[in-house]
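Have a look at the structure below, then the notes.
The values are calculated or read from the model by the stated rules, or taken from the named source; none is laboratory data. The model shown is predicted, which means the values in this text are computed figures rather than measured ones. Note that we place each Cβ from the backbone using ideal geometry, even for glycine, and neighbour counts take in every protein chain shown. Accessible surface is based on the protein model in full, side chains and every heavy atom, while ligands, DNA and RNA are left aside. Shrake-Rupley method; radii C 1.70, N 1.55, O 1.52, S 1.80 Å.
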Amino acid sequence: MSNEAFDDRYELRAFAPGTDEQGAPNAETEAWMQAVGLGFHEPHPGGEVAAQMVADFVVDDQTWLGAHVRRPAPGSVDETWPAGTFAWFGKALSWGDGTSIDTQAISAVTVRPTERRRGILRAMMTHALERGVAEGYAIASLTASEGTIYRRFGFGSAIRERAVRVRRARALPFLVPTTGVVSVVTPEWLADGPGRAVFDRFDARTPGSMVRNTGTWPIVFGLRTGDGEKAKDVRAAVHRPDDSDEVDGYVTWRVKESRDGDTTLEIVDLVYATDEAYLSLWEFLLSIDLNDVVTYSRSRLDDPIVAALGDNRAYDVDHEEDHVWLRVLDVERVLASRPYAVDGSLTLAVTDALGHAAGTYRLEVHDGRGTVTRTADDADAAASDIQLDVADLGAVLIGSVSPTTLAAAGLLRATDPAAPALLRAMLTPPRAPHGITYF
Ligand SMILES: CC(C)(COP(=O)(O)OP(=O)(O)OC[C@H]1O[C@@H](n2cnc3c(N)ncnc32)[C@H](O)[C@@H]1OP(=O)(O)O)[C@@H](O)C(=O)NCCC(=O)NCCS
């Protein structure tokens, strides 16, 4: 479908969410939220819950985009609700060495079923990424509800996550005794006290961690449900090192009876500023009586609990999928911003169907820092060590996805196999990447 036909049928409107004099979502904000709720099959919040959500969106400085049907059918919600929704806002991505890069975080992508496959997503994405470049972002990010949508727009799956379960019966004791002290606290104490500071420490040391949305905090601390109601079933505990009063980890959880008769302790949030806190909090959860299984849906690929368990077979992976997707917009700035484990130089030829990152780039790393020179405006395969699409550059950035694996998958090409191996060594992250933030 040509742009003319798209523009004839739809109007794209960007705006900032806001409230009216009574503090309720204004009409434009309300209509957009209704459309998102329809897209994600979520109940529509009213009253105070909606007002709080909008206040949080304002704090996060979100920009919203709606694709409106110009000639809606009489009586259809298209008269006021946008048929397509899209949001973006700034969100820092940690490299794990105390530095980070601001990303254009994309969220709330929905298209009304009646308007599918007419180019609404493509129009919204193209518009948003152009705005992102104009706003100074060097990279965009998202978490997806389906795995097949975003590669065509240059996003690569950079971090995966695992839903795991540990059976209590065979888990303890750990092979090595843990250290420090675990105390049960109230979610309120955690939220008013050390919770945010622990996350900040986790974020600074963890490659792939992303700053959380304002509205996420009450949910992960166990104060509210995802629907904005008061949470009644979430408990909390914190960890302190021996000889210290400073909290260096926390966990929130709820206990559920499951269909098969097992009682399951479900981790809501687990945040650790030290490896000791992570181990001790897991050991604590596994020691709680009247439960059979501990489940965690945000586990990382290289989970040290497997090695720590008394019986490694107590640990099962229920599911694994993509978590954070990255889309490089400015290759020079992104590659210059991250740390490197190994010095060296490589030339990368990058293709990009949307144009933003296309080119040939010389990456020179000295003392762990990279300088990047654009040597050609297009992907010059003959003059490069590695040829790859911008989506695969996004995939390898955090250091969780290996360039040698992508070469084996046929996605990344190199004449000399030493080139992907060198890139892999250079991109080795300071520790195992772990993303625990959805947006
Ligand atoms: C996914 C969704 C946003 C697509 O919207 P859309 O307006 O129909 O997409 P477009 O017409 O702009 O299509 C853009 C391209 O993506 C492709 N595409 C769209 N949806 C796709 C899907 N679910 N899987 C694979 N490809 C898809 C189209 O074929 C098209 O390809 P092309 O431009 O290369 O020809 C829409 O189906 C939707 O709202 N889904 C439910 C909510 C959801 O999953 N949102 C994502 C949250 S992260």
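Among L412, L397, which is among the hydrophobic types (A, V, I, L, M, F, W, C) and not assigned by TED's automatic domain parsing to the domain that holds D352?
Values: L412 fails: not assigned by TED's automatic domain parsing to the domain that holds D352.
After applying the criteria, what remains is L397.
Could you grab me the full set of residues in the stretch 311-330 that are outside any helix (DSSP H, G or I), under 30 Å from S287 (Cβ atoms) and open to solvent by less than 40 Å² (accessible area, probe 1.4 Å)?
Y315, H323
Would you confirm, using the coordinates I've provided, whether F6 is within 12 Å of the ligand (Cβ to nearest atom), assigned to a helix (DSSP H, G or I), closer than 27 Å to V133 by Cβ and not aliphatic (A, V, I, L, M)?
Yes.
Take the conditions surrounded by fewer than 21 Cβ atoms within 10 Å (Cβ to Cβ), within 17 Å of W95 (Cβ to Cβ) and more than 22 Å from the chain's Cα centre (by Cα) and apply them to G368. Does it pass?
Against the criterion (surrounded by fewer than 21 Cβ atoms within 10 Å (Cβ to Cβ), within 17 Å of W95 (Cβ to Cβ) and more than 22 Å from the chain's Cα centre (by Cα)), G368 qualifies.
Sort through A31, A73, A67, A27 and tell me the only one that's of a type in the set (G, A, S) and touching a Ser or Thr at 6+ places or on another chain (Cβ under 7 Å).
Exactly one of A31, A73, A67, A27 is of a type in the set (G, A, S) and touching a Ser or Thr at 6+ places or on another chain (Cβ under 7 Å), namely A31.
If I ask for residues that are among the hydrophobic types (A, V, I, L, M, F, W, C) and crowded, with 17+ Cβ neighbours inside 10 Å, which ones from the stretch 22-37 would you list?
The answer is A31, W32, M33, A35, V36.
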